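The values are calculated or read from the model by the stated rules, or taken from the named source; none is laboratory data. Note that the structure is a prediction, hence the values are computed from the model and not measured. As a convention, Cβ positions derive from the backbone with ideal geometry for all residues, glycine included, and neighbour counts pool all protein chains shown. These accessible areas exclude ligands, DNA and RNA; they are computed on the full protein's heavy atoms, side chains included. Shrake-Rupley method; radii C 1.70, N 1.55, O 1.52, S 1.80 Å.
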Amino acid sequence: MTTTVNPVLRVAPAAPAEAAAHFRAGLAFHTDVSDVAAALGAGGDPGFVLVDSRSTEAWDQGHIPGALHLPTALVPEQAGQLLDRSVPVVTYCWGPGCDGAARAALALAELGYRVKEMLGGYEYWVREGLAFETWQGRGLRAPDPLTAPLGAGDCGC
């Protein structure tokens, strides 16, 4: 009898210890919109600086309240004036289809900053129904039920 292995198990899952090391490492490099929102909404110092790495035009269209605007291209020349190396940095860009936050995180890490990338970026911040700012003031949209089924800012994880 021939046993057919499905595409999911064609490559066997890693051993539990290897899997734990992999996922632990991933969490050292990434955070998500819900966790950033919870940290910023808790009041007081969240323990990190949130950096929007997009262009000025994108920033003006909307950004996360309290974020610092530092376009990726300007990181090498401006990070030292705007950021404290002792404070972790969380970068974000447009969304999952944009690697600007990863490029900004790389540039910051190469300059000696401890940094994480916020997965989902500005797109998922807005889709989760969280407040944003534009050149016209603050805004808020209803949460997208596909990204925030349990309510704004709670992925249910």
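I need the full set of residues from segment 39-76 which are open to solvent by 70 Å² or more (accessible area, probe 1.4 Å), within 22 Å of residue 139 (Cα to Cα) and not small (Gly, Ala, Ser), in order please.
Passing the criteria: 56, 57, 61.
Considering each of 70, 74, 82, 106 in turn, give the residue that is in contact with a helix residue (DSSP H, G or I) (Cβ under 8 Å, 6 or more places away or on another chain) and over 17 Å from residue 132 (Cβ atoms). Working first, answer last.
On the way: 74 fails: in contact with a helix residue (DSSP H, G or I) (Cβ under 8 Å, 6 or more places away or on another chain); 82 fails: in contact with a helix residue (DSSP H, G or I) (Cβ under 8 Å, 6 or more places away or on another chain); 106 fails: in contact with a helix residue (DSSP H, G or I) (Cβ under 8 Å, 6 or more places away or on another chain).
Result of the check over 70, 74, 82, 106: 70.
Looking at (1) exposed (fewer than 14 other Cβ atoms within 10 Å of the Cβ); (2) modelled with pLDDT of 95 or more; (3) on the phi > 0 side of the Ramachandran plot; (4) not acidic (Asp, Glu), which one does residue 80 not meet, given that it meets all the others?
For residue 80, the exception is condition (3).
Pairs needed: first member in segment 112-126, closer than 15 Å to residue 53 by Cα; second member anywhere, among the basic types (Lys, Arg) and crowded, with 22+ Cβ neighbours inside 10 Å; C-beta distance under 9 Å; at least 6 residues apart or different chains.
From residues that are closer than 15 Å to residue 53 by Cα, the pairs are 121/54; 122/54.
Which one of these is open to solvent by 70 Å² or more (accessible area, probe 1.4 Å), assigned to a helix (DSSP H, G or I) and without any contact (Cβ under 8 Å) to a residue 40 or more places away in the chain: 85, 24?
Numbers: 85 fails: assigned to a helix (DSSP H, G or I).
That would be 24, the only listed residue that is open to solvent by 70 Å² or more (accessible area, probe 1.4 Å), assigned to a helix (DSSP H, G or I) and without any contact (Cβ under 8 Å) to a residue 40 or more places away in the chain.
Against the definition (open to solvent by less than 40 Å² (accessible area, probe 1.4 Å), among the small types (Gly, Ala, Ser) and either closer than 13 Å to residue 53 by Cβ or in a helix (DSSP H, G or I) (or both)), how does residue 104 come out, yes or no? Step through it out loud before you land on a result.
On the way: open to solvent by less than 40 Å² (accessible area, probe 1.4 Å): yes; among the small types (Gly, Ala, Ser): yes; either closer than 13 Å to residue 53 by Cβ or in a helix (DSSP H, G or I) (or both): yes.
Yes: the conditions hold for residue 104.
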